[in-house]
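Everything below concerns the one structure shown next.
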Amino acid sequence: MIELINDMIIYLKTGEKSKKLEDASLKNDKIIFNIIIINIMKWIKLDHKRITIMKVQSKPLKLYPDCKWCQVLKKLVEENEYFKSVFTINDEGLYYNEQIGDETRKAVREIAYEKFNPKEIS
């Protein structure tokens, strides 16, 4: 899981994709793929704030059936082993794969909180 999160951060900062991330993006429109990566990172960063600052329970990333990037993300998690090993999709949305332990989830949330800082557009 940490590898995928680090790959996504590097991709967002530099535009460079690891081999596994490249394989995941091949069938997808670049803009949609970027939207997916940004939304996953925003969700993980928010999850860190929920748990450590607000002291509330983790929540899935809500996905909407009519939303194009949500449809593509669902397909990506279902078909790509790299994403499937880290995430799962259920009726509530995208969530961590149940095989991912609490310590790994915590580490990933901290990485996202510290390293995912997109530039604001003014």
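Scanning region 26-72 for residues being under 19 Å from R105 (Cβ atoms) and assigned to a helix (DSSP H, G or I) gives a total of 15. Comparison of I111, I100 shows that the only residue that is in contact (Cβ under 8 Å) with a residue 12 or more places away in the chain, closer than 15 Å to I5 by Cα and part of a loop (DSSP other than H, G, I, E, B) is I100. Close Cβ contacts (under 6 Å, 6 or more residues apart or on different chains) running from residues in region 1-15 that are within 12 Å of M41 (Cα to Cα) and free of Cβ contacts under 8 Å to residues at least 24 places away in the same chain to residues that are hydroxyl-bearing (S, T, Y) and surrounded by 13 or more Cβ atoms within 10 Å (Cβ to Cβ) comprise D7/S18.
Each value in this text was obtained by applying a stated rule to the coordinates, not by laboratory testing. Quick caveat, the model's predicted, so the values are computed rather than measured. Methodologically, a virtual Cβ is constructed for each residue, glycine included, from the backbone with ideal geometry; neighbour enumeration extends over all protein chains shown.
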